[in-house]
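First the structure, in the form of structure tokens, and then the observations on it.
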Amino acid sequence: MKPLRKAEATILEGYRVALENAKNQPIIASEMAELGYDAHKIREGEQLLADTQKVYDHKKQEDDETTQASANFKSQNQKLDELYKNHRKKAKVIFRKEPEMLKRLNLLGRIPQNYDLKMDVIRKFYSELQQDQQLQQKLETLRVTQKVIDKSIKQVKNVEDKRAEYIKEVGESQDATQQKRMAFAKIDDWMRDFYAVADIALEDQPQLMEALGKRRKS
């Protein structure tokens, strides 16, 4: 992403310089105006550039927000994993001689790697503990108290909220990407015409093309 951003930033700056010089460099301005690129036409390009810059900046902001949302989700998810693994380990010790209880609490086998399946296992584990005082009393011997269970359930909700936020940000970032592509397509098309006209307007003064960011052999 970073190399692409750098390229896009360079493109936008090149367009800005070209339009600025086409407007303010007397010879270029005069020659371009004769071919239809007068001050009004240049303002059209500047507006397209401003619109593209705005969309580009918005895309960067959405990417930053997505990155932060991803970090928040991963952090809270890891915290929940650590809590659950600790409590699961203790529950397996307490109920090691009770196969039906091991099955009821999903303590048999490994913890699923798939997020959705894992969360189903974790939700059921804490839900069963929260609703059964006998289970709570047994686990209290290893310091898995009602307070700890309630806190863990809150962490489950926290992880769900963070993931929902991350998914939302991903969607917004994808939409921003599409908007950026459309904006760049418009400004690129406009600037291609601009450079083509400039090449004709400055045919006898090729050195001035460099002021527009283009080099041409004289």
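Where a number appears in this text, it was derived from the coordinates with a stated rule and is not lab data. Treat the numbers as computed from the prediction; the structure is a model and nothing was measured. Ideal geometry is used to build each Cβ from the backbone, glycine not excepted, and the neighbour counts take in all protein chains shown.
Here are the numbers for this structure:
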| quantity | calculated |
| --- | --- |
| The range 77-136, dipole about Cα centre (Lys/Arg Cβ +1, Asp/Glu Cβ -1), debye to the nearest 20 | 260 |
| Per-residue HN-Hα couplings for the range 182-191 [Karplus 6.51, -1.76, 1.60; θ = phi - 60°; Hz; x = Gly/Pro] | 5, 5, 5, 4, 5, 5, 5, 5, 5, 6 |
| Under the Karplus curve 6.51 cos²θ - 1.76 cosθ + 1.60, θ = phi - 60°, whole-Hz ³J(HN,Hα) for the range 25-39, x wherever Gly or Pro sits | 7, x, 5, 4, 4, 5, 5, 5, 4, 5, 9, x, 9, 7, 4 |
| Burial ordering of Arg104, Arg43, Arg163, fewest other beta-carbon atoms within 10 Å first | Arg43, Arg104, Arg163 |
| Efficiency of FRET from Cβ geometry, Ala7 and Val170, R₀ 25 Å, rounded to 0.05 | 0.60 |
| Dipole moment magnitude, nearest 20 debye, the range 2-212 about Cα centre, only Lys, Arg, Asp, Glu C-beta charged | 2960 |
| Charge dipole (the chain, unit charges on Cβ, about Cα centre) - positive-most of Ala7, Ala33, Val144 | Val144 |
| Glu44/Gln207 FRET efficiency (R0 25 Å; Cβ-Cβ; nearest 0.05) | 0.40 |
| Estimated FRET transfer efficiency (Lys157, Asp57; beta-carbon r; R0 45 Å; 0.05) | 0.85 |
| Backbone HN-Hα couplings from phi across the range 117-129 [Karplus 6.51/-1.76/1.60, Hz, Gly and Pro as x] | 5, 4, 5, 4, 5, 5, 4, 5, 4, 6, 5, 4, 5 |
| Residue pairs, from the table Lys54/Lys168; Lys60/Lys85; Lys138/Lys168, whose Cα atoms sit over 29 Å apart | Lys60/Lys85; Lys138/Lys168 |
| Fewest-first ranking of Ser152, Ser30, Ser70, using other Cβ atoms within 10 Å as the exposure measure | Ser30, Ser70, Ser152 |
| GNM top mover of Ala91, Ala176, Ala196 - the chain, alpha-carbon springs below 10 Å | Ala196 |
| Sorted by Cβ density within 10 Å, fewest first, the residues Phe184, Phe194 | Phe184, Phe194 |
